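Only one structure is covered here, and it is reproduced in the block below.
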Amino acid sequence: MSDSRNAPEAPQPPAPSSLGDGGALRHARAKGEPRFPEGPKADPAGSHFERRIRSFQPRRSRVTAGQADALQRLWPKWGFDIDGRRVLDPAEFFGNTNPVVLEIGFGMGEATAQMAAADPDTNILAVDVHTPGQGNLLNLADRGGLSNIRVGNGDAIILLREMLRPDSLDGLRVYFPDPWPKKRHHKRRLIQPEFLTLAATRLKPGAIVHCATDWEPYAEQMLEVLTAHPDYENTQPDGGFAPRPAHRPLTRFEGQGLDKGHVVNDLLFRRAARRPQPEPADQHRLQPPTGA
């Protein structure tokens, strides 16, 4: 669910017996020992929820010494596992009542950190399953003093369905999700009617859903399903794609795609106002007593 699918392989950490960042001796992990005892779990939700087709593949690639240090130091402070066993209170979680935006799939986190720095009065719930990216974003947040970021590890569907209350989100960002280009894999794409229906229950009326992709067939599908969904309205008068808004940074990954001739499409849709509930059928209404 992120641009990490095309990100360069992170540099390999030094050997266990060598010095890591800051000159600290790296710990040689014993067989069966957790990779990051105080950090993100490999499978936070475990088998507590039904098995289904996932829109992502966990990426447990190489973690640099700096990323590992950030995971160990900062995960208890700014990270959380999406285990589906509690309901989050955003005001308690962030320590304020500022608007909350959910970002699904942040890659290495550079764009997320830039947006958080540019808009410190907006809280960002940033979710991914890419361990190096989680560590990198925590590092960037720490260096930039960005207290408006919380990093979630796990399945965003479980977060939306089990851990967020209705009307708790002021926005949703999905930048460069995995396009699953093969036709037999299209069912794994995140932006589907079922996902949009779930997201709509957690988005406040007027909340903005912002998607971006460099895969044109996926962009067309996104536009089609968002346009057809009754809970969303296109912010563009012509009903098409939107220009890239200034608040979405041009990432290194995106720049590489543009250099290769890729076309990047942005979609900006608004959560529509709640539809009025139909009146109950006449036969279910209480009837006045005879002679009243």
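Rounded to two decimals, what is the ratio between the C-alpha radius of gyration of the stretch 211-274 and 2.2 N^0.38 Å?
It is 1.19.
If you roll a 1.4 angstrom probe over the protein chains with everything in place, what fraction of the accessible area of the stretch 201-242 belongs to carbon and sulfur, to the nearest %?
Exposed carbon and sulfur together represent 54 percent of the surface.
For Arg165, project a label point 7 Å along Cα to C-beta. Then give me every residue of the stretch 87-109 with its amide nitrogen under 12 Å of that point.
Correct set: 87-93.
What's the ranking of 186-198, 153-165, 106-118 by average number of surrounding C-beta atoms within 10 Å, highest first?
106-118, 153-165, 186-198
So if we plug the beta-carbon distance of Arg252 and Gln72 into 1/(1 + (r/R0)^6) with R0 = 22 Å, what FRET efficiency do we get, rounded to 0.05?
Rounded to the nearest 0.05, the efficiency is 0.25.
Just the number please: accessible area per residue for the stretch 172-279, 1.4 Å probe, all protein chains included, in Å².
Ligands and nucleic acids excluded, the figure is 52 Å² per residue.
Are there any trypsin sites (Lys or Arg not before Pro) in the stretch 60-128 that are in a DSSP loop and have at most 13 other Cβ atoms within 10 Å? List them by number.
Taking the stretch 60-128 and a limit of 13 other Cβ atoms within 10 Å, the loop trypsin sites (Lys or Arg not before Pro) found are Arg60, Arg62, Arg85, Arg86.
The values are calculated or read from the model by the stated rules, or taken from the named source; none is laboratory data. For clarity, every value in this text was computed on a predicted model and none was experimentally measured. As a convention, Cβ positions derive from the backbone with ideal geometry for all residues, glycine included, and neighbour counts pool all protein chains shown. Please note that ligands, DNA and RNA were not included when accessible areas were found on the heavy atoms of the full protein model with its side chains. Shrake-Rupley method; radii C 1.70, N 1.55, O 1.52, S 1.80 Å.
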